[in-house]
Amino acid sequence: MTNPLRDPQDRRLPRIPEPCALVIFGVTGDLARKKLIPAIYDLTNRGMLPSGFVVLGFARRDWGHDDFEAMAKTAAQEHARTPWREEVWGRLVGSMKFVPGAFDDDAAFDHLGRTLDELRDSHGIHGNAAFYLSIPPAAFPAVLKQLARTGMADNDKAGGWRRVVVEKPFGTDLGSARQLNDLVDDVFTGNDVFRIDHYLGKETVQNILALRFANQLFEPVWNSKYVDSVQITMAEDVGIGTRAAFYDATGTARDVLQNHLLQLLAMVAMEEPTSFDAAEIRAEKLKVLRAITLPQDVAQETVRGQYLAGWVSGERAAAYKDEEGVPPDSKTETYVAVKLGVQNRRWAGVPFYIRAGKRLPRRVTEIAVLFKKAPHLPFHPADVEMLGRNQLVVRVQPDEGVTLKFGSKVPGTAMEVRDITMDFQYGEAFTDTSPEAYERLILDVLIGDRTLFPDAAEVEQSWRVVDPLEAAWKGTTPETYRAGEWGPRAADEMLARDGRRWRRA
């Protein structure tokens, strides 16, 4: 019976999905093994999943149930965030099943459909199922057509809800994104499509909204009158690993600028939504994406880079062109820096500098809001030589938290002012550790909460930002930087021409 005193909008209360199944296509791949299965174990361990919950794995492996169970247990033990408990695993493994088959195998999909029908009675899932496409984008059409052919995507036929989860990249340009959106929308209703950008599941990314809209402190200065510039950095110290085939055809701009970084920009720049309803938040983000202005001079205000051999964290790193599977004449960028604007009343004239790259000195993702200097300083110039700009920095990873940088008097007889910082760290302020992004996002899919999932319009508008840059870069040769450096020298020169410099991340 529904509790009449319980407010359904109160998100402090545990959110438990209805009984359902999660079908993972490509369940033997890296994403499923390192992220999805561990996240499902963690959710089970935290009591966040219903008693009627089933995991169905689908992959081209000649496996029986024992093979699937062994793989899933190893994945959970190696990558789960919460402590290992055999009794929790015992409950979960009893509701795990494996269906072997290829994506063009009609018989395998017929078997999958019958299995879901059987689970309706044996596990009480009421026809509810989410289909997670943990597969290469090229395989999406085959799977979607099979789901349509078998009727597994039909809510009415299923007698419950049917949803689909699509991993990025959402196409390779605007045209392919539209084709993918049309294909998905032909099979599933718009409210049943969940496009996952795992960055939006991170606690610190969601904290951007809390920081902005739960505090009166920041709103009066969150505009072009007080903000000098915004810097968004996504640095990785690793190379491309085993992803050469994907990465060389994609590059940094398509891999992370089009999705992760433009989403962060939108959350920083968006207006306050009328409520935290999913549609309201997405509407405000879309306004920002539509207001983004591209560089007037792409050659001067964007930089593409590719790493050479060097040293990262004390280890020798090979050049990008020497990575296994990379063509020796590759012109794919492993680093990108761009200067964008947001042409609206709040942000007109404020540059948004965005950079991302691989084989940089360390792994860090952060958003830095740099404020203008005080219009008048009633101090002797020598007393403020060490005073910089006020900064508010949101650290997304790995040291999740917020830093406020401001000037303060140095103890002593002189009036010397220099920068100091105040730090908030998630690990110190809260006793609970932050859940992994996939824990939150999988739970939201099963509940049907689309707040943290970009819709088709956001995806297409993001491509309208990136496509002109890709067209301007076509045929050009990237600048170079050594592994372990903060990108090409041209990226520093780009900011220096504006009288600015990159914040030391």
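Order 68-80, 257-269, 38-50 from most to least packed using the mean count of other Cβ atoms within 10 Å. Spell out each step's value before the answer.
Details: 68-80: 18.1, 257-269: 24.2, 38-50: 21.2.
Top of the packing list down: 257-269, 38-50, 68-80.
Need the list of aspartates and glutamates near LYS287 for cross-linking: C-alpha distance under 18 angstrom, and skip anything on the same chain fewer than eight residues off. Result set, ordered by chain and number: GLU271, GLU272, ASP277, ASP455, GLU458, GLU460.
Once you have a ≥ b ≥ c as the square roots of the Cα gyration tensor eigenvalues for the stretch 161-205, tell me rounded if a/c is under 1.5, and otherwise prolate or oblate according to whether a/b is larger than b/c.
On the way: a/c = 3.26, a/b = 1.27, b/c = 2.57.
Oblate is the answer for the stretch 161-205, as a/c is 1.5 or above yet b/c matches or exceeds a/b.
Give, rounded to the nearest 20 debye, the magnitude of the charge dipole that the stretch 137-293 has about its Cα centre when Lys and Arg contribute +1 at Cβ and Asp and Glu contribute -1 at Cβ. Present the calculation step by step, with values, prior to reporting the outcome.
Working: 17 positive and 21 negative charges, 58 e Å.
Taking the Cα centre of the stretch 137-293 as origin, the dipole is about 280 debye.
Here's the picture: charge each Lys and Arg Cβ at +1 and each Asp and Glu Cβ at -1 in the stretch 371-505, and of ALA472, VAL410, ILE447 the one pushed furthest to the positive end of that dipole is VAL410.
From most to least packed by mean Cβ count within 10 Å, the peptides 381-387, 346-352 give 346-352, 381-387. If R0 equals 60 Å, the separation of the Cβ atoms of ASN155 and MET386 corresponds to a calculated FRET efficiency of about 0.45.
Summarising the label geometry, the points placed 7 Å from Cα in the beta-carbon direction at ALA457 and ALA142 lie 3.5 nm from one another. What does the charge count around TRP63 come to, taking other residues whose C-beta lies under 15 Å from its C-beta (Lys +1, Arg +1, Asp -1, Glu -1)? For residues surrounding TRP63, the net value is 0. In the chain, helices alone account for a calculated mean residue ellipticity at 222 nm of -9500 deg cm²/dmol, with every DSSP H run of four or more residues adding -39,500 (n - 2.57). Relative to the dominant Cα principal axis of the chain, helix 174-187 is inclined by about 30°.
With θ taken as phi - 60° and the Karplus curve 6.51 cos²θ - 1.76 cosθ + 1.60 applied, the whole-hertz 3J(HN,Hα) list for the stretch 361-369 is x, 7, 8, 7, 10, 8, 10, 10, 9 Hz, x standing for glycine and proline.
For ASP492 and ARG418, FRET efficiency with R0 = 25 Å and r from the beta-carbon atoms, rounded to 0.05?
On the way: r = 24 Å, r/R0 = 0.95.
After rounding to 0.05, the efficiency reads 0.55.
Once volume of the Cα convex hull per residue in Å³ is calculated for the structure shown, the corresponding label among [x] 181; [y] 140; [z] 131 turns out to be [x].
To the nearest ten degrees, helix 203-213 and the longest principal axis of the Cα atoms of the chain are 60 degrees apart.
Other residues lying with their Cβ under 10 Å from the Cβ of LYS372 contribute a combined charge of +2, Lys and Arg counting +1, Asp and Glu -1. Percent antiparallel among DSSP beta bridges with both residues in the chain, to the nearest 5? About 55 percent, rounded to the nearest 5.
For the chain, the residue among GLY159, VAL93, THR189 whose Cα projects farthest onto the positive side of the dipole built from Cβ charges is THR189.
Would you please put 464-476, 133-145 in order of how densely packed they are, using the mean number of other Cβ atoms within 10 angstrom per residue and starting with the highest? The partial results should precede the final answer.
On the way: 464-476: 15.0, 133-145: 17.3.
Sorting 464-476, 133-145 by mean packing, highest first, produces 133-145, 464-476.
Taking a ≥ b ≥ c as the square roots of the eigenvalues of the alpha-carbon gyration tensor, the stretch 375-505 is classed oblate because a/c is 1.5 or more while a/b is no larger than b/c.
Once backbone amide H atoms are built at 1.01 Å from N, THR293 has GLY341, VAL342, GLN343 as its partners under 5 Å, excluding neighbours fewer than 5 places away on the same chain.
We did not get these values from a lab; they are worked out from the coordinates using the rules stated. Source: prediction; values computed, not measured. Positions of Cβ are generated from backbone atoms using ideal geometry, with glycine treated the same way; all protein chains shown enter the neighbour counts.
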